[in-house]
Amino acid sequence: MGVAPVAGARAEPGIRILDLPFKVRALRGSRSEAAVSVATSGLLPITGAKTGPQTGGQQAGDEESAPIAVVWGDEGGAVLALAEGRVTVRPIGKEAVEGLTAAETPRGALPGSRRTLSGPLSAYLTGRTRAPDGGAAAAVLTIRERQPMAVSTDPKPVPVATVTVPAGGEAVFAPLRPRLLRLGGRPALLAATLSGADAGGLALIDRPAGDPGAAWAVTARTPAQPGPPLKIVGIADFSGSGESQAATVSAKGRLQLWTLRPDRIEAAGEAEGYAAGDGDSDLAVTTPAGGGPELVLPVAGRPEIAFVAAKGGLRERARVALPVPAETGIVVLGEGAAARLLVGLADGRVAVVAPDGGTP
């Protein structure tokens, strides 16, 4: 059962299907390495090619972003951008697509996994191993941090500090992208773990406050629970409490909200009836005009997406019917009333949704 609807819903969302000459099998949002790579490569002229968060300048822990999304399939790809309320489509060739897919997975990383970037910091899964259920997993999380260097006329490689952090105990890392965030004014990481054939959770990786030389380590974790893995949908102050929170969706459709603190992760609400999408596909967090962050999630067993708010408890604001179920991801372009959602459908098409009405 899903959560209760919110009274006084806003304008009815609009929807249209993008005209793409290929079936989409991957959709990447603005905070993906693929989007940042395209925006900074010169492949296409893109205004505002690279930005930090909309709330201000980029700091360590704020994931890098670009004002575009990228889709691709076996026959080609496209860059999707927002211009005057409309989503524009710019085709890219197979060679560019191959470069993007290769760049997402660094050398030595778990095959098919994606790293996360934030200024001098990057993190990705390494140490290929098997999960308790026999599936792919990673033994450690590798964190790389570029070090400051003195100005010199001689060309020198940028020094990089590399550390590896195990999940701890019997746990391994699930094959899902770790997430960078800011916690207590400093960067931290959140990653999904597996600790049994049908049990998993979250691990917070941090460095002690006030000690810049301290080592990265797992400083908090959730109790193992059934229905792994926990896909991290997004990190924001969803309930308006002033604290960072993570939203996750399990493979069995349970939406959970977690409050993140340096030494503990506390459950803050849950609801049933949602879907995690395919593999490591992205799911969206939007910020409606005049409102707090909302989750946008596929509805389990139905061709619909749901808008879920968390102030005063998890509640649905609205649902949008789709031609077929959402599967390859949900990402957002823009903010407030001008935001547009891109929804990867199970049949290889992409739907554009205007959450607050208007022309999608």
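Oblate is the label for the stretch 94-227, because a/c, from the alpha-carbon gyration tensor with a ≥ b ≥ c as root eigenvalues, is 1.5 or above and a/b does not exceed b/c. Can you give me the % of accessible surface on the chain that is carbon or sulfur? Probe 1.4 Å, all protein chains present, nothing else counted. That share works out to 52 percent.
Find the relative contact order for the chain and round it to a whole percent, using C-alpha pairs within less than 8 Å whose residues are 6+ positions apart. Relative contact order here is 17 percent.
Quick one: compute a quarter of the convex hull surface over the Cα atoms of the stretch 181-274 and quote it in nm².
Averaged projected hull area, Cα only: 5.9 nm².
Remark: the chain carries a charge dipole of roughly 200 debye about the Cα centre, counting +1 on each Lys and Arg Cβ and -1 on each Asp and Glu Cβ. Each 10 Å bin from zero up to the one holding the largest Cα-Cα distance in the stretch 61-118 carries the following percent of pairs: 20, 41, 33, 5, 0. The smallest convex shape that holds all Cα atoms of the chain, its convex hull, gives 143 Å³ per residue.
Would you kindly calculate the mean projected area, averaged across all directions, of the convex hull enclosing the Cα atoms of the stretch 280-360, in square nanometres?
Values: hull surface 21.3 nm².
Computing the convex hull of the Cα atoms and averaging its projections yields 5.3 nm².
Protein heavy-atom accessible surface, 1.4 Å probe, per residue over the chain: 43 Å².
Could you please put T164, T142 in sequence from largest to smallest accessible area, using a 1.4 Å probe? Provide the component values of the computation, followed by the final result.
Working: T164 85, T142 10 Å².
Heavy-atom accessible area, descending, gives T164, T142.
The values are calculated or read from the model by the stated rules, or taken from the named source; none is laboratory data. The structure presented is a predicted model; accordingly, all values stated were derived computationally and were not measured. Virtual Cβ from ideal backbone geometry, glycine too; neighbours counted across all protein chains shown. Side chains included, ligands, DNA and RNA excluded: accessible areas come from the protein's heavy atoms. Shrake-Rupley method; radii C 1.70, N 1.55, O 1.52, S 1.80 Å.
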